[in-house]
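What follows is one structure encoded as C-alpha cells, with my remarks underneath.
The values are calculated or read from the model by the stated rules, or taken from the named source; none is laboratory data. Since we're looking at a predicted model, the values are computed, not measured. Positions of Cβ are generated from backbone atoms using ideal geometry, with glycine treated the same way; all protein chains shown enter the neighbour counts. Surface areas here come from the heavy atoms of the whole protein model, side chains and all, with no ligands, DNA or RNA. Shrake-Rupley method; radii C 1.70, N 1.55, O 1.52, S 1.80 Å.
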Amino acid sequence: MPEPKLGGYRHIWAFDFEYVADPGEPPEPVCVVAMDLRTKAEIRLWREDMQRPSPFPTDAASLFVCFSGVGDIGCFLQLGWAPPTRLIDLYPEAR
C-alpha cells in the first residue's frame, strides 16, 4: 500500500511538550500544546489535565510534526498515550 500524500491526512498536528528530566531518566511532562493545521483546532493541557486519554488521534490518518521527537515521544509513553504512527521530527532535518 503506498504511503498517503500530505493531502491524504485527516489531521496534521504541530505539537510540543515541555518537560523536565534528569539525565538518564524519563521525561516528566509539564504541558503540551498542539494545533491541527487542517482545522485550526488547538489543544493546551497542563500536567493535571494530561492524565486523561490522548486528546488527539494518533493513528495513520494523522501526521504529527515536532522539533524534538525523542523527548516528545517520551512524554507520550510516560503518559500512557499511544505514540503517533506518522511523525516528522524537524530536529534531524535542521541538523
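Averaged per residue, what accessible area in Å² does the chain show with a 1.4 Å probe, protein chains only?
64 Å²
Could you work out how far the C-alpha centroid of region 43-95 sits from that of region 4-24, in angstrom?
4 Å
Ala21 to Ala60: extension gain in nm, 0.36 nm per residue of separation minus the Cα-Cα distance?
Computed gain between Ala21 and Ala60 is 11.1 nm.
Taking the Cα centre of the chain as the origin, how large is its charge dipole in debye, to the nearest 20, when only Lys and Arg (+1) and Asp and Glu (-1) carry charge on their Cβ atoms?
480 debye
Skipping prolines and chain starts, which residues have an amide H placed within reach, meaning under 5 Å, of the one on Val30, given they are 5 or more residues away or on another chain?
Glu18, Tyr19, Val20
For region 41-55, in order, what is each residue's ³J(HN,Hα) by Karplus, 6.51 cos²θ - 1.76 cosθ + 1.60 with θ = phi - 60°, in whole Hz (x at glycine and Pro)?
Values, residue by residue: 5, 10, 10, 9, 10, 9, 2, 5, 8, 8, 7, 6, x, 3, x Hz.
Roughly what would the spin-label model give for Thr85 and Cys31, points 7 Å off Cα along C-beta, in nm?
For the pair Thr85/Cys31, the computed spacing is 3.1 nm.
On alpha carbon coordinates alone, what is the Rg over Rh value for the chain, Rh being the Kirkwood radius?
Across the chain, the Cα-based Rg/Rh ratio is 0.97.
Please give the length that would be gained between Arg38 and Arg10 if that part of the chain were fully extended, namely 0.36 nm times their separation in residues minus their C-alpha to C-alpha distance (nm, one decimal).
Here the answer is 9.3 nm.
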